[in-house]
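In what follows, a single structure is set out as structure tokens and then discussed.
The values are calculated or read from the model by the stated rules, or taken from the named source; none is laboratory data. Remember, it's a predicted structure, so these values are computed and weren't measured experimentally. Virtual Cβ from ideal backbone geometry, glycine too; neighbours counted across all protein chains shown.
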């Protein structure tokens with residue numbers, strides 16, 4: 001299948017379940033084909049689990065859901081060695097991280113030790129069980145969620161670990177018309193039960209290879225690095241984005257260009273993803289937070305201060 005046909009089919013198929021959130025769907029697909037992972041910070045009940053399930057079904061991928069709680073151990077995620085009475089040997093029992101699409105629900109509810117174990121899997125795409133390393137399935141995509149409202153009994157992700165996510169996004173409430181459509185769709189059954197696969201894992205791997213061929217000019221690269229460097233100089237920012245932010249912005253911009261059926265990156269591609277790729281990578285000064293400044297607002301100010309290449 002052609003790239004355009006694969007991507008259009010995926011978006012339309014997932015939108016049967018996730019109504020009115022085309023941009024969210026595009027960002028998730030951009031993360032997958034960039035070989036990155038995504039953090040969704042939003043209130044419960046907006047369809048995050050259904051989004052992950054719809055993506056997995058659409059690409060014929062394995063789906064696993066991790067409900068993260070304070071008593072979850074790293075081995076509960078990665079797996080353990082189990083003694084086999086017949087062979088008299090220890091055999092690996094793989095954990096739920098061995099899937100193509102993994103939903104790590106409420107990642108800030110589990111301990112820093114378990115968070116670190118999960119993020120290591122995301123970074124390395126490998127798991128070590130009792131000294132033996134195992135490759136995770138390909139493609140491998142983690143969608144982590146956290147509730148921005150309830151903080152009692154949570155372990156907020158440190159900035160160094162937030163930096164491991166390619167993007168941080170919000171789903172947001174639907175409009176009244178969209179909410180009516182959601183209710184109407186579920187009068188008889190949930191639409192996830194009627195969703196079929198429209199592509200396969202090999203096609204996703206092909207897209208992951210193809211995104212690296214999307215042309216990005218020196219001027220666009222300079223534009224990206226100027227934006228990232230400007231976050232370090234903004235008066236309201238205590239700690240700006242690292243070079244990993246530049247790489248994330250470059251990768252995501254190429255993926256968005258590919259989704260738009262182009263083989264080159266434009267300044268608009270960069271603008272469209274800059275908040276999602278950089279906002280979670282900066283730390284605001286205390287005075288700025290007291291004044292009500294948000295990371296999104298600061299990134300927008302940074303974007304307006306940088307010259308756009310012609």
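What are the residues in the range 20-41 that are in contact with a helix residue (DSSP H, G or I) (Cβ under 7 Å, 6 or more places away or on another chain) and either surrounded by fewer than 19 Cβ atoms within 10 Å (Cβ to Cβ) or not assigned by TED's automatic domain parsing to the domain that holds residue 108 (or both), if any?
Within the range 20-41, 20, 22, 35 meet the criteria.
Can you name the strands (runs of 3 or more DSSP E) wholly within the range 128-241 that have at least 1 residues being surrounded by 15 or more Cβ atoms within 10 Å (Cβ to Cβ)?
141-146, 167-169, 237-239
Check residue 120 against each of (1) assigned to a loop (DSSP other than H, G, I, E, B); (2) free of Cβ contacts under 8 Å to residues at least 24 places away in the same chain; (3) surrounded by 15 or more Cβ atoms within 10 Å (Cβ to Cβ) and name the one condition it does not meet.
Going through the list (1) assigned to a loop (DSSP other than H, G, I, E, B); (2) free of Cβ contacts under 8 Å to residues at least 24 places away in the same chain; (3) surrounded by 15 or more Cβ atoms within 10 Å (Cβ to Cβ), residue 120 breaks only (1).
Only one of 72, 97 is part of a loop (DSSP other than H, G, I, E, B), in contact with a strand residue (DSSP E or B) (Cβ under 7 Å, 6 or more places away or on another chain) and under 25 Å from residue 167 (Cβ atoms). Can you tell me which?
Exactly one residue qualifies, and that residue is 97.
Among the residues of the range 26-73 satisfying the criterion of being under 12 Å from the mean Cα position of the chain (by Cα) and under 17 Å from residue 156 (Cα atoms), which is modelled with the lowest pLDDT?
By that ranking, first place goes to 41.
Restricting attention to the range 286-297, which residues are surrounded by fewer than 21 Cβ atoms within 10 Å (Cβ to Cβ) and either at pLDDT 95 or above or in a helix (DSSP H, G or I) (or both)?
Listed by number, the residues that qualify are 286, 287, 288, 289, 290, 296, 297.
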